[in-house]
Amino acid sequence: MQITPSTAMTLEELQVKLEEINHLVATFQTSVVLEKYYAEHTVMIEGDGTVTTGKEACRQGRAIFFNDMLAEFRESRLISQDIAVSADRTYDFVVISNWYNDYTIEYDGQIIHSKSNQLSIGYWKDGLVVKESYNYPVISIT
């Protein structure tokens with residue numbers, strides 16, 4: 001029987017990574033977070049149910065938001081964060097983060113101001129985020 005060494009990280013290693021991630025997000029450096037801490041096959045699920053698969057597709061989605069839609073980002077602040085061990089071991093850890101965001105977007109000529117909380121649920125495996133869902137108020141644009 002051959003034993004493959006685990007690449008799973010410890011809780012302490014995760015906490016160090018989260019400290020850096022939280023700083024980068026709060027200083028609007030989400031592209032750095034995506035490159036450094038997300039798996040190539042990562043899956044992101046937006047608040048409206050849109051599913052994006054793969055780091056390159058996630059990069060493109062983020063670029064559209066930050067380059068084409070975002071008019072002003074005033075604040076991103078971590079309210080709370082909890083870590084759980086995955087019960088079925090599909091993932092190493094599940095991280096639940098509650099962020100407050102204050103920003104303005106422009107879409108199809110409309111200016112939309114948003115001050116809201118975003119609940120992010122990140123699923124970690126082998127030291128990287130392999131899936132993350134974002135729960136936030138969905139703005140209907142008509």
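By the rule of a C-alpha distance below 13 Å, with chain neighbours fewer than 8 residues away ignored, the aspartates and glutamates paired with Lys125 are Glu13, Glu40, Asp88, Asp92.
Scoring 126-135, 42-51 by mean Cβ neighbours within 10 Å over their residues and listing the highest first yields 126-135, 42-51. Here the gap between Phe73 and Glu40, fully extended at 0.36 nm per residue and compared with their Cα-Cα distance, gives a gain of 9.2 nm.
The simple spin-label model puts a point 7 Å past each Cα toward its Cβ; for Glu19 and Asn101 those points are separated by 2.6 nm.
Values in this text are rule-based calculations from the coordinates and carry no lab data. None of these values were measured; they are calculated from a predicted model. Neighbour counts run over all protein chains shown; Cβ positions are idealised from the backbone, glycine included.
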